[in-house]
Amino acid sequence: MKETISFRLNGKPVTLNVEPDRKLLWVLRTDLGLTGTKYGCGTGLCGACTVVIEKEARRSCSVPIKDVNGKSVTTIEGLAKGDTLHPLQKAFVDLGAVQCGFCTPGMIMNAYALLLKNPKLTRARILEGMEQNLCRCAAHKRIVQAIESVSAQK
Amino acid sequence: MQDDISKTTQNSEATLYGRRDFLTLLGGGIIVFFPAVLETPAAQGPPKMGPGAATDFNAYLRIGEDGEVTVFSGKVELGQSNTTALAQMAAEELGVALESIRMIMGDTDLCPWDMGTFGSMSVRVYGAALRSAAAEAKAVLLQLASEQMGMPPSDLIADNGIIRVKSDKNRKLSYAQLAKGQRIIRKLEQKAGIKQPADFTVIGQSPARLDGKAKVTGAALFTGDLRFPGLLYARILRPPAHGASLKSVDTSSAEQMPGVVVVKEEGLIAVLHEDPETAEKALASVKAAFDEPSSPVDPETIFDHILQAAPKPQTQERKGDLAEGEKAAAAIFEAKYLNGYGAHASIETHTACARLEGEKMTVWISTQTPFPNQQEIARALKLAPQNVRVITPFVGGGFGGKSAALQALDAARLAKATGKPVQVSYNRAEEFFYDHFRPAAIVRIKSGLDGAGKICLWDYHVYYAGTRSAEQFYDVPHNLMSTYGGWMGDATKVHPFYIGAWRAPGSNINVFARESHIDTMAAHAKADPLEFRLRNTSDARMRRVLQTAAERFGYKASPGPSGRGYGIACAIDAGAYVAEIAEVKMDSGKVKVVRIVAVQDMGVVINPEGARMQMEGCIMMGLGYSLSEDIDFKGGRLFTSNFHNYSIPRFSWLPEIDAFLIRNDQLTAQGGGEPAIAPVGGAIANAIFDLSGIRLFQMPMTPERINKAKMAV
């Protein structure tokens, strides 16, 4: 049975008439055309589908759409302001934290949520906070450096 | 839709030009055709030709009438940033700004045939040819300018897309002015010399990767991100095990679900819907029974199985006489080294979208090999190859695993059956099930050490891993290398699943085995492992990477086991030399790699930051094959299904990594995407021995194996 679900997506109101148990990942990728959020494992093990709900990093492959009703959702498409990249996005490019780019949106969104909670992250907190995000190109060293560089700016 | 694709896929012209044959697209300007493999000693690699190969050229670059430079190449971007490095090579020789080069890659309608992107060959092999072609194009431009200006070419200078008179810089013609109204087609003759390293201005710099911004904003389109009107997402009925056959199937429930399309063909039962989750529900409603063959092989018994099934040996290297070597030996060392199956586990699963329009099948594939895939699809669907177009969007990691594209065959068949555009994207369990694993492999070594501590005998037998990085560089007078099956080809029948290339195929087990064995001999001789290696190799490039690594590490000589946890390994792969020194700690058999110093000599370095990124990625990824990644199975049934039971490296594993490039401009650019992964396992194994005296003979070196080996010490 379809339900009306309303939430804020990247700062703009959205109202959908959808099956309430559908996963946020697939609603974003199909109904809403936001394909920056990726499928990697389907069970919250890899972090490629990470979005920020309110101020929390969440695995959108495991979040039913009904859970975001009335809430605020930020995806990778919502970070840049026009042509101006978010400092995290800029740091990922400048410091070479991107290889194939498939885990990158989830990495950036997870780091974004970490910094929302704690603008000054120690290296140990970065490693701990990013632990459940997987990168097979193994760009970990530069991902940590990129997050550190933004944390230091705060 | 089409505009969206054109803006954000790696082959940005793909949809603008449509389906015309690339030869009709040339238009005016200056075009240089060139072979993707030059006939030079530096060009090592597999044979260049394959089905559908052009016999004289298979790449070209064009300076259009507007002065724009476009390089058309069958290579693809997998994350290794070859796009940026190749553009740098073209810009250097042509004398244009990097920004003015456009790379069109991996589109079978627009680009000439290419065998695929693997073997660390984009820069090393294709790039070398591209540089020559760009130099030739510049020579054509200089000749045109010479004719128009009435000056000999030697009095002219080309820079930043403009040719000027050396003595009067105000007399100038732009490449656009020179190309306008021309239609000059050249085949590369290699008459124009390429630049000397001292004159480089673009090569050797580290511009940011060209695809960076698209990848951090979510704008970069991967195959699964493509949307077409009427697109159906397919879920396919899968067997419970390799070798299982379908006994019965009932799709009646799925057929009653609104909007669900069911396709039943020979060997392909699929449910499709415009919403992927509904397609998933429809698949769950399909009832099927399979006959599953019983097979006893498991991760323990597989090694006996593959030894018994091994084909006859082939001699790959022979020097001296093994019997003489054995006579000269004061001590003999025999050991067997094992490695289980390994998965690629790219975060992007295998994906394809297919669309049939009239006679023309277009398939977008996450692939390393668009041209071989085009042939496979044409064969499977009985289409003329020119009626199959493969386009390669951004690829979310390959590592050797995305040459096989079974999902593309499924997508094409389903697009034909339904008349709709279809996407097939593996879920994670399918990704493991259909992965072409790095095969289980065995290395047996018998070696001898003479009274002076020199290696006098090396009898090397390798099963299912081939020769890569096994070629002898130690000074051994009596040497034999024999291979039994490789990592693909005939060996596929021996293994319970698909097998294939895995980043530096064969190198990882070969280097693990050799460097472990070298360390065993060093320990017996009570020699420091670095000193022992230097004593036994006169190869100047190898000595230099070893010595430089020791300096950067702050290595002090000591025979092993020293209790410090330092391990050395070195390798030659894809023309590059690498030495690595690891430092490890251990807690209850669990290894923590604290630090790795890696020193690489890869000849001329096109993009140093890009090259270091590849080294760092190799080292971090290498921790996984060394310590944890293992496939669990019984016969053709796979228990490994997701990241909870296939453990790949994570942030907490991150060691201090020092990736250092030795300057060697005397040598053309060598491989960079794979070499640094090869010594990781050997360096860690030797560090474990140095720390604890425990010698591991099997990768991954899990806590269970380490604790078991500890009991045996």
Residues within segment A:1-49 that are within 12 Å of the chain's Cα centre (by Cα), closer than 19 Å to residue A:70 by Cα and not hydrophobic (A, V, I, L, M, F, W, C), tallied: 1
Segment B:192-222: number of residues that are modelled with pLDDT of 95 or more, within 26 Å of residue A:112 (Cβ to Cβ) and either part of a loop (DSSP other than H, G, I, E, B) or touching a strand residue (DSSP E or B) at 6+ places or on another chain (Cβ under 6 Å) (or both): 5
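How many residues are outside any helix (DSSP H, G or I) and of a type outside the set (D, E, K, R) when one looks only at segment B:126-168?
Going through segment B:126-168 one residue at a time, the tally reaches 12.
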Some residue of segment A:59-69 being of a type in the set (Gly, Ala, Ser) and more than 10 Å from chain B (Cβ to nearest Cβ): yes
In segment B:362-384, the residues that are without any contact (Cβ under 8 Å) to a residue 60 or more places away in the chain and buried (at least 24 other Cβ atoms within 10 Å of the Cβ): B:363, B:373, B:377
Hey, residue B:224 closer than 24 Å to residue B:433 by Cβ, out of contact with any Asp or Glu (no Cβ under 6 Å at 6 or more places or on another chain) and more than 14 Å from chain A (Cβ to nearest Cβ) or not: no
Qualifying residue in segment B:451-463 (condition: in contact (Cβ under 8 Å) with a residue 40 or more places away in the chain, closer than 25 Å to residue B:375 by Cα and more than 14 Å from chain A (Cβ to nearest Cβ)): no
Residue count, segment B:666-713 (criterion: over 30 Å from the mean Cα position of the chain (by Cα) and not charged (D, E, K, R)): 11
Boolean, residue B:544 is more than 23 Å from residue B:468 (Cα to Cα), of a type in the set (D, E, K, R), modelled with pLDDT of 95 or more and not assigned by TED's automatic domain parsing to the domain that holds residue B:124: no
Residues of segment B:658-688 that turn out to be crowded, with 24+ Cβ neighbours inside 10 Å and over 19 Å from residue B:469 (Cα atoms), as a count: 2
Among residues of segment B:372-406, those that are within 14 Å of chain A (Cβ to nearest Cβ) and not in a strand (DSSP E or B), counted: 10
Flag if residue B:218 is in contact with a helix residue (DSSP H, G or I) (Cβ under 9 Å, 6 or more places away or on another chain), among the small types (Gly, Ala, Ser) and within 14 Å of another protein chain (Cβ to nearest Cβ): yes
Count of residues meeting criterion [crowded, with 24+ Cβ neighbours inside 10 Å and either more than 14 Å from chain A (Cβ to nearest Cβ) or of a type in the set (Gly, Ala, Ser) (or both)] in segment B:344-360: 4
Among residues of segment B:665-713, those that are assigned to a helix (DSSP H, G or I) and not acidic (Asp, Glu), counted: 24
Positions within segment A:2-43 being more than 14 Å from chain B (Cβ to nearest Cβ) and in a loop (DSSP other than H, G, I, E, B), in sequence order: A:11
Matching residues in segment B:245-262 - criterion: being in contact (Cβ under 8 Å) with a residue 24 or more places away in the chain and polar (S, T, N, Q): B:245, B:248, B:251, B:253
All positions within segment B:97-117 that are of a type in the set (Asp, Glu) and in contact with a strand residue (DSSP E or B) (Cβ under 8 Å, 6 or more places away or on another chain): B:107, B:109, B:114
Residue count, segment B:606-629 (criterion: surrounded by fewer than 21 Cβ atoms within 10 Å (Cβ to Cβ) and either more than 8 Å from chain A (Cβ to nearest Cβ) or within 21 Å of residue A:133 (Cβ to Cβ) (or both)): 2
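Residue-by-condition table, conditions (1) away from every other protein chain (no Cβ under 11 Å); (2) farther than 16 Å from residue A:45 by Cβ; (3) among the hydrophobic types (A, V, I, L, M, F, W, C):
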residue	(1), (2), (3)
B:637	yes, yes, no
B:648	no, no, yes
B:656	no, yes, no
B:660	yes, yes, yes
Residue match in segment B:586-603 (condition: assigned to a strand (DSSP E or B), surrounded by 24 or more Cβ atoms within 10 Å (Cβ to Cβ) and among the small types (Gly, Ala, Ser)): yes
Positions within segment A:79-90 being part of a helix (DSSP H, G or I) and either more than 9 Å from every other protein chain (Cβ to nearest Cβ) or at pLDDT below 95 (or both), in sequence order: A:87
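The values are calculated or read from the model by the stated rules, or taken from the named source; none is laboratory data. Only a predicted model underlies this, so the values are computations on that prediction, with no experimental measurement involved. Quick reminder, even Gly has a Cβ in these numbers, built from the backbone with ideal geometry, and neighbours come from all protein chains shown.
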